[in-house]
């Protein structure tokens, strides 16, 4: 299957733009509550609430004879990558990094889209795409170095940056698996059931990871209206709404084109961080964003 799907339409573009807006808000909210709740526990609570909200729309998928369960291995892997790993790693990154840095590092996901597509899915990579990918890598390195190449050479990175690199790898593989469908068309059309099936396994993974976090002594949890409001937002917006928009948009336009839209996340994060956290962007953030977006524009153009 080629990474290039149907032509990009306005409705598809809106779907793909809605997801990064929600995910930028997710990064800002995750930073706001990082002193109130442990990161992996936050991921588990988020998806537990999302599951409770979505179950009334798709409870039939949980029946023993549901048409989705013959594909349980696929949903187990999707749940591990998209629900159990990606968001937990992002919340872990936000313990030591800012929402803007986290989303800029995450904007390197199109490079991993190209790499994973070529290595594991037989997707061809053109010279133009390689040139664009190198420019985007330069942008990610600029963020990791905090604008100082000497600091990059000294490998002085905060743990959050490295967690986010791992998160982008998980998300790239998740996105490719979304379009490598094995279910019948009528099954895939049930978006709520499709997402709920991922949540079933994702909750198992995230619950297990939260248990490991708890056993390691990371037991931070301060309940209050602020945390309750944060959970409500990240469960409804970045979880249900964003995953629905992303899944449908990627199935229409393909993971590589979807990767281009991920680069809107840092822009949204910069605006939201300035509004809610008082974290003004620096010059190297603007340069990194220009490199990342420019690289993906070059790599996504057709000869």
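The values are calculated or read from the model by the stated rules, or taken from the named source; none is laboratory data. Predicted model only: the values in this text are computed from it and were never measured. Cβ: placed from backbone, ideal geometry, glycine included. Neighbour counts: every protein chain shown.
Here are some notes:
- Checked against the criterion of being over 13 Å from residue 195 (Cβ atoms), modelled with pLDDT under 90 and more than 15 Å from the chain's Cα centre (by Cα), the candidates 13, 24 yield just one match: 13.
- Yes/no for residue 238 being surrounded by fewer than 15 Cβ atoms within 10 Å (Cβ to Cβ) and either over 17 Å from residue 90 (Cβ atoms) or at pLDDT 85 or above (or both): no
- Segment 1-120 holds helices (runs of 4 or more DSSP H) entirely within its bounds, and those carrying 1 or more residues that are in contact with a helix residue (DSSP H, G or I) (Cβ under 9 Å, 6 or more places away or on another chain) and surrounded by fewer than 17 Cβ atoms within 10 Å (Cβ to Cβ) map to 10-32, 39-58, 72-78, 109-120.
- For the residues 239, 229, 235, 208, the requirement of being in a helix (DSSP H, G or I) and more than 16 Å from residue 87 (Cα to Cα) singles out 229.
- In this structure, residue 299 does not qualify as over 15 Å from the mean Cα position of the chain (by Cα), more than 30 Å from residue 36 (Cβ to Cβ), part of a loop (DSSP other than H, G, I, E, B) and modelled with pLDDT under 90.
Yes/no per residue for (1) buried (at least 23 other Cβ atoms within 10 Å of the Cβ); (2) part of a helix (DSSP H, G or I); (3) without any contact (Cβ under 8 Å) to a residue 12 or more places away in the chain:
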| position | (1), (2), (3) |
| --- | --- |
| 249 | yes, yes, no |
| 256 | yes, yes, no |
| 261 | yes, yes, no |
| 268 | no, yes, no |
| 275 | no, yes, yes |
| 278 | no, no, yes |
| 281 | no, no, no |
| 284 | no, yes, no |
| 294 | no, yes, no |
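- Whether a residue is touching a helix residue (DSSP H, G or I) at 6+ places or on another chain (Cβ under 8 Å), more than 21 Å from residue 102 (Cα to Cα) and either modelled with pLDDT of 85 or more or part of a helix (DSSP H, G or I) (or both) was assessed, and residue 170 does not pass this test.
- Check on residue 187, at pLDDT below 80, part of a helix (DSSP H, G or I) and under 24 Å from residue 284 (Cβ atoms): no
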